[in-house]
Amino acid sequence: MWQWLVRLYHRLGSPKWFYEITEKWIPWLALVSLVGGVAGLILGLAYAPADYQQGNSFRIIYIHVPAAILAQSAFMMMAVAGAVFLIWRMKMAAWVAKTIAPIGASFCLIALLTGAIWGKPTWGTWWVWDARLTSMLLLLFLYFGVMALHQAMETEDSGHKASAILALVGLVNIPIIKYSVDWWNTLHQPATLKLTEKPSMDIDMLIPLLIMIVTTYTFFALLVILRTRNEILLHERKRSWVKKILES
Amino acid sequence: MQFDSFAEFIAMGRHGFYVWLAYGLSALIIMYNLLAPLLRRRQIIREQAQRLRRERNRSSQVENNDAPSA
Amino acid sequence: MTAATGSHTIDLQARQLCCERDDRVLFDNLGLQLKNGELLQLAGPNGAGKTTLLRLLAGLNRDYQGELLWQGRALTAVYSEYAAQRLYMGHLAALKKTLTPIENLRWLTAAWAVGEDDLWRALDEVQLYGYEETPCMQLSAGQQRRVGLARLALAERGVGPCPLWILDEPFTALDKAGVAWLEGRLQQHVESQGAVVITSHHALENIASLRRLELGALI
Amino acid sequence: MTAATGSHTIDLQARQLCCERDDRVLFDNLGLQLKNGELLQLAGPNGAGKTTLLRLLAGLNRDYQGELLWQGRALTAVYSEYAAQRLYMGHLAALKKTLTPIENLRWLTAAWAVGEDDLWRALDEVQLYGYEETPCMQLSAGQQRRVGLARLALAERGVGPCPLWILDEPFTALDKAGVAWLEGRLQQHVESQGAVVITSHHALENIASLRRLELGALI
Amino acid sequence: MSLVLATVKRDFLLAARNPGEWLNPLMFFLMVAALFPLAVDPDPKFLGKIAGGVIWVAALLATLLSLDALFKADVEDGSLEQWLASGESLYVMALGKALVHWCISGLPLTLMAPVLGLMLNLPADAYAALLASLLIGTPVLSLLGAVGAALTAGVRSGGLLLSLLILPLYIPILIFAASAVYHASIGMAYNGQLGFLGALLALAMCLTPFAVAAALKLNLSR
Amino acid sequence: MSLVLATVKRDFLLAARNPGEWLNPLMFFLMVAALFPLAVDPDPKFLGKIAGGVIWVAALLATLLSLDALFKADVEDGSLEQWLASGESLYVMALGKALVHWCISGLPLTLMAPVLGLMLNLPADAYAALLASLLIGTPVLSLLGAVGAALTAGVRSGGLLLSLLILPLYIPILIFAASAVYHASIGMAYNGQLGFLGALLALAMCLTPFAVAAALKLNLSR
Ligand code: HEM
Ligand SMILES: Nc1ncnc2c1ncn2[C@@H]1O[C@H](COP(=O)(O)OP(=O)(O)OP(=O)(O)O)[C@@H](O)[C@H]1O
Ligand SMILES: Nc1ncnc2c1ncn2[C@@H]1O[C@H](COP(=O)(O)OP(=O)(O)OP(=O)(O)O)[C@@H](O)[C@H]1O
Ligand SMILES: [Mg+2]
Ligand SMILES: [Mg+2]
């Protein structure tokens, strides 16, 4: 088992292996994303029953919730990749961390935008300082910080390291931020406006949601792979195997 | 199927604007995320192939220049 | 040779110049005159006041007693006219580290009518060929200095309309080839009726019309 | 002579060192060894990689391939031990402009057991007598460099426990007397079994055990 | 003039090369505005009442922070010395620098403000006044700020000294602008305030460049 | 260790030689707090309600601004290079720098806060909570801020980038501290909040120096 992990680690650390293996994965990931997306959206938009309170506006959930969940876990992945880079100096990890940042930020933005749009018909306002919303906004800022820091550093390598450090510090802080914001909000503000937290969901509503969540993760993997391959091409351009690709 | 007609589907019972705005914006962001790496890939390949060609040319020139003296 | 330098008469005079810094008199009752075709080297030990005097002559420091004249008129009175005819290079290179040599040079020569090609050729001449589009922060110490010196290369091509050069330690960080190039450049400028004031600890032996002004040893 | 330098064996080795910056290979497969009593001058044109190599040897840049050994062990592994025995002076002088030379020197030598008197004497030796309590921003370019060089004067007095000196262009901005002093100081240090690595465009002729390492001409 | 134009071009180029220069003030603007509900009270009705003021304070602070770098880099790398050596008019140079500064800080702030209005629940009637006041007010901030930036350019850790010098000068703008937004939000006329801001702008355009030019020359005493 | 001590001493000396370093944050603190009544509504009752929050926001922004210079000067003049060359523990160095920073920014702010309380009509019951929360909270601000300052030390115009990086991390402190003051002002217990701030302080003391040390090493890639 350990042997196998070590081998996997070394393989993952090899840009060539990654580039070649993902060549095979891409069509499958794209297919799953496409089929899942189409199926989830058709089921969610057309077949799921309308919410008895919110009517059809609740259908935003099928993009909102997957995006929100993904945005949070992407930050974790980014920090872990950054840590791997800091500790073992694995270049691949740095590239992966670098590519996750803008994608995670995009999903964070999607969650915020769709949430805000959803808020208008449900709460009558685009934005309230609810705990969830606030911590999501702060997450977006953390993403922006990581990206801005990366591009501000003089050299690529110090950019990788700096943003990895920041991502780790942010990772420690996310639970603290979340906790404090939850606590602040439940204390300050009576629960006039809350995300609808229905304990149980209609199964017809739930299935498309699950499909969309899985699809979002697949799509995320696809995006990360595409961007990482670009980094590989750029940084390994002097290796003979890349030259072969360039010449073809 | 929850909707009787396409028009109804679009209208989403008063909430059409919000639903479609949300999905529209998301689609834009997602499309950007999908297209950006693909376009970037093409750009990288174009640039690097050019660079390679330039280097090839230069090194072959140098060899040509060197040949008589050697 | 160059139209620009030929058509101007250089006449910079200092009379009874006196400057003190923090109660130490750096120089007192100093007089000098600079004409076309001359090179004046300010020499002296560290802290003698070379940089201070150079900045006075350049009109960048007005904290002195005595008179400074350009073509017979007070330097402060004809400053903008004077400024258009002298090139000043201090310790600081006025480079933006995120910009490339070509972009920096374009800014440095904004006041001159210089074509793009001239800029590229000037960079080539100071041995920055191949580095024209590398951000300056990635250049070595000597390469960064060379970006600033490229202005002198331009002047040679007849496009730098500055007959009077005022240079503070221009040899800093240059390698042997660079030093030789700069010496040649100075010589050439002086020969074509320009004038140069320079501070340097470097011995400038090859230039005919060299004058040295030794500033007081403090130590 | 000095207790400090005599008691340490210097043994710095580089094996198959290779470093590239932005796709340009600066040096490749470079090997060198430095022992007590040796002076190694890194020479070469601007941009050859002298500063880069110097920082690798000082352990301040770890972006290289190959091996760097201090007394047979990897430099990074024994870094703090190594650091205590080598003195590094880069382009930047680590001076605070609002503090005086004596205050700056006190900080620069914090790791050594140096008495107040030694500090004053060291400043005196680099010709900063009378400027000990002038804020550094009021010093001339050469005088500021001298504050940093005062550390070398201290080492001479047997209190600077650094047998290995790593200096980047230490002659910058020095006048003739300063250059002479520094050359003498280097000579003396090497004679008393210290070792020096230096980058300089200056020709160091007077030192017996001088070795030059010419880094590649790029141009 | 050629140097001024070249400098304006170069400054835009620098901003493009280093997007942080104009993105960071924007982010800061967003964040200061976001701090308030967190520190004070997130109740939408309450926020709506203070929104105009908070947005203006945030805009002011964001501008203030971005000013620090306005001349400092130029002093440190010797560009300023070259301006002075060029003998060109420092008056025009000051105007050019302030213009660039406004384009990369004031203008984006103005465009971003409606988003903050949404987040702070600004009453719908007040958006026009908010935009108008920012559009007229932020150039004044840039112009006045340039004076402070020039005065402190030679000073290390000048960032705070700058705030100290400039904040008092910013206060009239803040008062009038915030009051314009507030009046708009309760449905009253606000032309008076805008007129005053416009007058300030005209005044600042004429006078501040002199002060900037004089202040820049100070950096040359050495 | 000797270098760390020497550096701490030197930093205090620098602050004494250049009083702006610690006076400016203080002035800024005063002024931000003074801007609010101008921009919002000078009614004392209303002010009393928001006073705690406003004071904390002002303290936070003042700290943020003073952080910019924390390592930047050391990077630029080569002091950082000398630390690294010395081979001494950067962890201790980071702690030392944060300590000095707190002494010349957080501590004076804390001592100044009651004056602001008076100006903003803070309820009498809340002063103890304000002081306690500042005393525990500002060191955390300095420690976390040191991480940001170290990360941006090599970056030109890092001042704003720093804010962007650090503000989200400051939010928990702001929330708990402001809520402590608010609770005190309406006569409720606030030990919980202070306890949380204390826990954050302990955590920050242990962890942030690692991040600072790692970040400082980045500046040596060249
Ligand atoms: C900008 C505004 C909003 C943001 C930033 C936001 C953010 C989030 C986040 C972070 C989650 C948690 C996903 C998870 O980890 O499980 C979530 C879930 C959810 N949100 Fe939103 N939201 C916003 C507005 C709304 C609105 C207006 C509604 C509907 C009235 C809504 C309904 C939901 C629902 C139903 C869930 C899933 C329930 C759950 O997992 O607890 N959200 N949102
Ligand atoms: N931070 C950097 N990033 C990328 N390339 C760099 C960086 N610093 C230096 N270089 C490149 O490395 C090469 C060597 O630089 P280095 O500073 O070592 O030269 P040097 O020999 O010290 O020259 P000089 O005599 O001018 O001081 C140069 O070509 C330079 O362009
Ligand atoms: N800003 C200043 N305020 C007060 N005194 C100063 C200032 N700048 C320089 N001095 C003093 O003026 C004297 C001359 O300085 P200057 O820089 O002209 O010397 P220099 O001849 O150029 O020396 P170097 O060869 O070291 O460059 C020095 O003694 C210095 O202490
Ligand atoms: Mg000088
Ligand atoms: Mg060098």
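The values are calculated or read from the model by the stated rules, or taken from the named source; none is laboratory data. Quick caveat, the model's predicted, so the values are computed rather than measured. Neighbour counts run over all protein chains shown; Cβ positions are idealised from the backbone, glycine included.
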Would you confirm, using the coordinates I've provided, whether E:Trp83 is in a helix (DSSP H, G or I), more than 14 Å from every other protein chain (Cβ to nearest Cβ) and aromatic (Phe, Trp, Tyr)?
no
Of the conditions (1) at pLDDT 90 or above; (2) assigned to a loop (DSSP other than H, G, I, E, B); (3) of a type in the set (A, V, I, L, M), B:Met31 satisfies every one except a single condition; which number is it?
(2)
Does F:Leu207 qualify as being of a type outside the set (Gly, Ala, Ser), under 22 Å from A:Gly145 (Cα atoms) and away from chain E (no Cβ under 14 Å)?
yes
In the set C:Ala177, C:Ala173, the lone residue that is on the phi < 0 side of the Ramachandran plot and not polar (S, T, N, Q) is C:Ala177
Residue pairs, Cβ under 8 Å, 6 or more apart or interchain, first in the stretch C:39-51 and over 19 Å from C:Leu186 (Cβ atoms), second within 16 Å of ligand 5 (Cβ to nearest atom) and of a type in the set (Gly, Ala, Ser). List them.
C:Asn46/D:Ala173
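Keeping to the stretch E:76-117, report how many residues are of a type in the set (A, V, I, L, M, F, W, C) and closer than 21 Å to E:Phe210 by Cβ.
Kept after step one, since they are of a type in the set (A, V, I, L, M, F, W, C), are these residues of the stretch E:76-117: E:80, E:83-85, E:90, E:92-95, E:98-100, E:102-104, E:107, E:109, E:111-113, E:115-116.
Filter once more, keeping what is closer than 21 Å to E:Phe210 by Cβ: E:80, E:83-85, E:90, E:92-95, E:98-100, E:102.
Matching residues across the stretch E:76-117 total 13.
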If you take the residues in the stretch A:126-148 that are free of Cβ contacts under 8 Å to residues at least 24 places away in the same chain and within 9 Å of chain E (Cβ to nearest Cβ), which one is farthest from ligand 4 (Cβ to nearest atom)?
A:Trp126
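Given the structure, is D:Glu132 charged (D, E, K, R) and free of Cβ contacts under 8 Å to residues at least 12 places away in the same chain?
So D:Glu132 does not fit the description; no.
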Would you mind stating whether F:Leu143 is closer than 15 Å to F:Thr110 by Cα and away from chain E (no Cβ under 12 Å)?
no
Within the set of pairs 6 or more residues apart or between chains, which connect a residue that is of a type in the set (D, E, K, R) inside the stretch A:51-79 to a residue that is assigned to a helix (DSSP H, G or I) and near ligand 1 (Cβ under 9 Å from one of its atoms) with Cβ atoms less than 9 Å apart?
A:Asp51/A:Ser57; A:Asp51/A:Phe58; A:Asp51/A:Ile61
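Is it the case that the stretch C:29-46 has a residue that's at positive phi and either facing chain E (nearest Cβ under 9 Å) or of a type in the set (Ser, Thr, Tyr) (or both)? Full working, then the answer.
Let us first name the residues in the stretch C:29-46 that are at positive phi, namely C:29, C:37, C:44.
Remaining after also requiring either facing chain E (nearest Cβ under 9 Å) or of a type in the set (Ser, Thr, Tyr) (or both): none.
Within the stretch C:29-46 (the criterion being at positive phi and either facing chain E (nearest Cβ under 9 Å) or of a type in the set (Ser, Thr, Tyr) (or both)), the answer is no, since none of the residues qualifies.
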Only listed residue being under 26 Å from F:Thr208 (Cα atoms) and among the small types (Gly, Ala, Ser), chosen from A:Ala111, A:Ala97, A:Ala116:
A:Ala97
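Using the structure shown, decide if C:Glu81 is within 13 Å of chain E (Cβ to nearest Cβ) and either charged (D, E, K, R) or in contact with a strand residue (DSSP E or B) (Cβ under 6 Å, 6 or more places away or on another chain) (or both). Steps first, please.
On the way: within 13 Å of chain E (Cβ to nearest Cβ): yes; either charged (D, E, K, R) or in contact with a strand residue (DSSP E or B) (Cβ under 6 Å, 6 or more places away or on another chain) (or both): yes.
Judged against the criteria, C:Glu81 is a match.
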Going by the structure shown, is D:Glu156 more than 16 Å from ligand 5 (Cβ to nearest atom), within 18 Å of the chain's Cα centre (by Cα) and either outside the structural domain of D:Ile102 (by TED's automatic domain parsing) or at pLDDT 90 or above (or both)?
no
Which of (1) touching a residue at least 40 places away in the same chain (Cβ under 8 Å); (2) closer than 19 Å to C:Gln85 by Cα; (3) more than 14 Å from chain D (Cβ to nearest Cβ) does C:Arg62 not meet, given it meets every other one?
(1)
Working only within the stretch C:54-77, note down all residues that are within 17 Å of the chain's Cα centre (by Cα) and either surrounded by fewer than 17 Cβ atoms within 10 Å (Cβ to Cβ) or on the phi > 0 side of the Ramachandran plot (or both).
C:Gly59
I'd like the full set of residues that are more than 13 Å from ligand 2 (Cβ to nearest atom) and either under 17 Å from C:Ala48 (Cβ atoms) or polar (S, T, N, Q) (or both), limited to the stretch D:161-183.
D:Ala173, D:Leu174, D:Asp175, D:Lys176, D:Ala177, D:Gly178, D:Val179, D:Ala180, D:Trp181
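Quick grid of which residues meet (1) more than 16 Å from ligand 3 (Cβ to nearest atom); (2) of a type in the set (Lys, Arg); (3) under 30 Å from A:Thr155 (Cα atoms):
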{"residue": "D:Ala58", "(1), (2), (3)": "yes, no, yes"}
{"residue": "D:Asn61", "(1), (2), (3)": "yes, no, yes"}
{"residue": "D:Glu67", "(1), (2), (3)": "yes, no, yes"}
{"residue": "D:Ser80", "(1), (2), (3)": "yes, no, yes"}
{"residue": "D:Leu92", "(1), (2), (3)": "yes, no, yes"}
{"residue": "D:Thr109", "(1), (2), (3)": "yes, no, no"}
{"residue": "D:Arg121", "(1), (2), (3)": "yes, yes, no"}
{"residue": "D:Met137", "(1), (2), (3)": "no, no, no"}
{"residue": "D:Ala150", "(1), (2), (3)": "no, no, no"}
Please determine, by comparing only the residues of the stretch C:37-53 that are of a type in the set (Gly, Ala, Ser) and buried (at least 21 other Cβ atoms within 10 Å of the Cβ), which one is nearest to D:Gly130 (Cα to Cα).
C:Gly47
Index of the failed condition, D:Trp107 passing every other in (1) modelled with pLDDT of 90 or more; (2) closer than 19 Å to D:Asp11 by Cβ:
(2)
What are the residues in the stretch F:180-196 that are under 18 Å from the mean Cα position of the chain (by Cα) and within 10 Å of chain A (Cβ to nearest Cβ), if any?
F:Phe196
Listed by range, helices (runs of 4 or more DSSP H) wholly within the stretch C:89-203 having at least 1 residues that are surrounded by fewer than 22 Cβ atoms within 10 Å (Cβ to Cβ) and small (Gly, Ala, Ser) are C:141-156, C:176-191
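I need the full set of residues from the stretch B:39-70 which are modelled with pLDDT under 60 and of a type in the set (Ser, Thr, Tyr), in order please. Before the answer, list the steps.
Taking the stretch B:39-70 and keeping what is modelled with pLDDT under 60, we get B:65-70.
Correct list: B:Ser69 only.
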